[in-house]
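Participant: Take this structure, written in structure tokens, and hold onto it; I'll ask about it next.
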Amino acid sequence: MSFVPEAEQRLWRTVMRRKYQLRRDRVQLQNRLECLLEEAHIKLSSLVSDLLGASARRMLKALADGETNPAALAALADQRLRATATQLCDALGACTELNPVYRRLLKMMLEEFRFIEQQIGQLDQEMASLLSQHQDAVRRLAEVPGLGVDSAQQIIAEVGATAATFPSPKQLSSWVGACPGDDESAGVSQSHHSPKGNRHMRRILNQCANAAVKVKGSIFEIVYRRLVPRLGHNQTIGAIAHRLCRLIWIILHQGVHYEERGPAVSQSSRQRRTKKMIRELRSLGYRVEPLTLQASNPA
């Protein structure tokens with residue numbers, strides 16, 4: 001099925017795909033930063049889980065600005081950091097004789113990080129403005145385990161705010177390429193590999209499926225545990241992605257809310273997730289009030 005969206009949706013796609021590319025650039029830059037620090041014998045990545053976290057950034061900025069005292073750099077770390085001051089001093093010991101070239105390269109990388117993150121923030125606001133008329137659809141999708149505000153926006157950009165182009169969830173799954181293949185010859189099945197489809201949607205669904213199966217007590221975790229011994233991880237994630245794809249069609253096409261079917265999801269975990277989602281929506285400029293999930297309209 002060939003799907004050429006309208007001009008408005010093509011604009012959504014352009015914005016979201018550019019944002020995805022910027023995120024890839026950020027990851028690549030982070031890898032280059034880690035390689036630079038390793039070459040300079042700065043072993044910070046062995047103690048800090050996120051080189052772009054608040055503590056690491058403060059230390060790296062001071063290092064780029066010319067700080068040569070490891071103790072002074074270690075003092076910039078947050079108190080909640082698991083690494084001790086002694087460990088940090090040992091990891092940062094090479095800063096006393098660090099070549100100025102490394103400091104300049106580090107400063108350039110940090111400036112590039114700030115620029116990329118500024119652009120991502122601008123695209124966030126741009127997309128929120130473009131989807132201001134469809135914020136209810138964004139919120140309903142974001143309620144699904146494994147999804148969030150950003151993935152909801154990506155999905156709407158690819159399939160539309162109501163998925164109206166696709167008459168059934170089966171057709172949406174086929175277009176995405178999230179359904180099992182059916183290659184038969186003379187009544188003999190030759191292959192069950194999924195067909196090629198929209199690679200952007202397949203990427204989003206696979207990411208969401210991997211996140212959904214980690215939500216404790218959700219129906220996706222239960223299905224994953226049931227299927228993975230027989231199918232293995234990759235095929236099970238594909239099955240979860242197919243399930244998510246059909247669920248997305250129902251939520252968008254029928255305008256219903258998601259209802260969790262997993263028995264072990266507590267009320268407190270639902271409330272925490274709802275509050276987090278509302279904070280994300282409000283940070284993008286959406287007007288959202290805390291609403292009780294509509295259990296009477298299951299998806």
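Participant: Exactly one condition in (1) at pLDDT 95 or above; (2) of a type outside the set (Phe, Trp, Tyr); (3) touching a Gly at 6+ places or on another chain (Cβ under 6 Å) is not met by residue 128; state its number.
Facilitator: If we test residue 128 against (1) at pLDDT 95 or above; (2) of a type outside the set (Phe, Trp, Tyr); (3) touching a Gly at 6+ places or on another chain (Cβ under 6 Å), just (1) comes out false.
Participant: Among 105, 11, 73, which is the only one that is crowded, with 18+ Cβ neighbours inside 10 Å and part of a helix (DSSP H, G or I)? Before the answer, list the steps.
Facilitator: On the way: 105 fails: crowded, with 18+ Cβ neighbours inside 10 Å; 11 fails: crowded, with 18+ Cβ neighbours inside 10 Å.
Within the list 105, 11, 73, the selection yields 73.
Participant: Just name the residue that is farthest from residue 40 (Cα to Cα) out of those in segment 76-91 that are among the hydrophobic types (A, V, I, L, M, F, W, C) and outside any helix (DSSP H, G or I). Please lay out each step first, then the result.
Facilitator: Applying the first criterion (among the hydrophobic types (A, V, I, L, M, F, W, C)) to segment 76-91 yields 76-77, 81, 83, 85, 88-89, 91.
With outside any helix (DSSP H, G or I) added as a condition, the list becomes 76-77, 81, 83.
Values: 76: 20, 77: 20, 81: 23, 83: 20 Å.
Residue satisfying both the conditions and the ranking: 81.
Participant: Among residues belonging to segment 152-167 that are of a type in the set (A, V, I, L, M) and assigned to a loop (DSSP other than H, G, I, E, B), point out the one that is nearest to the chain's Cα centre (by Cα).
Facilitator: Taking the candidates together, the pick is 161.
Participant: Can you confirm whether residue 142 is surrounded by 15 or more Cβ atoms within 10 Å (Cβ to Cβ) and without any contact (Cβ under 8 Å) to a residue 40 or more places away in the chain?
Facilitator: Taking the combined requirement at face value, the residue does not satisfy it.
Participant: Name the one entry in 30, 21 that is within 25 Å of the chain's Cα centre (by Cα) and at pLDDT 95 or above.
Facilitator: 21
Residue-wise test of (1) within 17 Å of residue 121 (Cβ to Cβ); (2) surrounded by fewer than 11 Cβ atoms within 10 Å (Cβ to Cβ).
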{"residue": "4", "(1), (2)": "no, yes"}
{"residue": "15", "(1), (2)": "yes, no"}
{"residue": "20", "(1), (2)": "yes, no"}
{"residue": "23", "(1), (2)": "yes, no"}
{"residue": "26", "(1), (2)": "yes, no"}
{"residue": "34", "(1), (2)": "no, no"}
{"residue": "38", "(1), (2)": "no, no"}
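Participant: Also, quick follow-up: Can you list the helices (runs of 4 or more DSSP H) lying wholly within segment 178-256 that have 2 or more residues being closer than 23 Å to residue 166 by Cα, at pLDDT below 95 and more than 19 Å from the chain's Cα centre (by Cα)?
Facilitator: It comes to 233-254.
The values are calculated or read from the model by the stated rules, or taken from the named source; none is laboratory data. For clarity, every value in this text was computed on a predicted model and none was experimentally measured. Positions of Cβ are backbone-derived with ideal geometry, glycine not excepted, and every protein chain shown enters the neighbour counts.
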